[in-house]
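First comes the structure, then the notes that go with it.
The values are calculated or read from the model by the stated rules, or taken from the named source; none is laboratory data. Computed from a predicted model, the values in this text were never measured in an experiment. Here the Cβ positions follow ideal geometry from the backbone for every residue, glycine too, while neighbour counts run over all protein chains shown. Quick note on the areas: whole protein, heavy atoms, side chains included, nothing else; ligands and nucleic acids left out. Shrake-Rupley method; radii C 1.70, N 1.55, O 1.52, S 1.80 Å.
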Amino acid sequence: MTIRVMSSRDLLSLNKFTIDDGHPHIELDKAICVQCVQKPCLLVCPAELYTRDENGGVFLDTIGCLECGTCRILCPNGGIIHWEYPRGKFGVQYHKG
């Protein structure tokens, strides 16, 4: 048996994502996010999809979302105003099922 060491980013790249254009499964209230001091979403997303934008707020690219919901649970100020699992046939498809 051979063990292949892979980075988290390499492992995540094995997954397939189908985007539901026009129906994002996560939506942010940027006015709330820009006032959030802690911005835990920048740290807790395992796919590292949250980044700081040029205005001190948060930018989210949902492509690559693992649908774990950690961001929703740890958002302290209600900046995530909409979170649901993607509709059928959309979202993440894990490489190994």
Note to self: Give all pairs with beta carbons closer than 8 Å in which a residue from the range 54-81 that is of a type in the set (D, E) meets a residue that is in a loop (DSSP other than H, G, I, E, B); count only pairs at least 6 apart in sequence or on separate chains.
What the structure shows: D61/L49; E67/H25; E67/Y85; E67/P86
Note to self: Take the residues in the range 51-74 that are of a type in the set (S, T, Y) and at pLDDT 95 or above; name whichever of them is least open to solvent (accessible area, probe 1.4 Å).
What the structure shows: T70
Item checked: Test set (1) closer than 19 Å to L74 by Cβ; (2) without any contact (Cβ under 8 Å) to a residue 24 or more places away in the chain - H25 fails condition number -> (2)
Next item on the list: Within the range 26-50, work out how many residues are outside any loop (DSSP other than H, G, I, E, B) and surrounded by 14 or more Cβ atoms within 10 Å (Cβ to Cβ).
Entry: 11
Check: Do you know which of the residues in the range 1-25 that are among the β-branched types (V, I, T) and part of a loop (DSSP other than H, G, I, E, B) is surrounded by the most Cβ atoms within 10 Å (Cβ to Cβ)?
Finding: I19
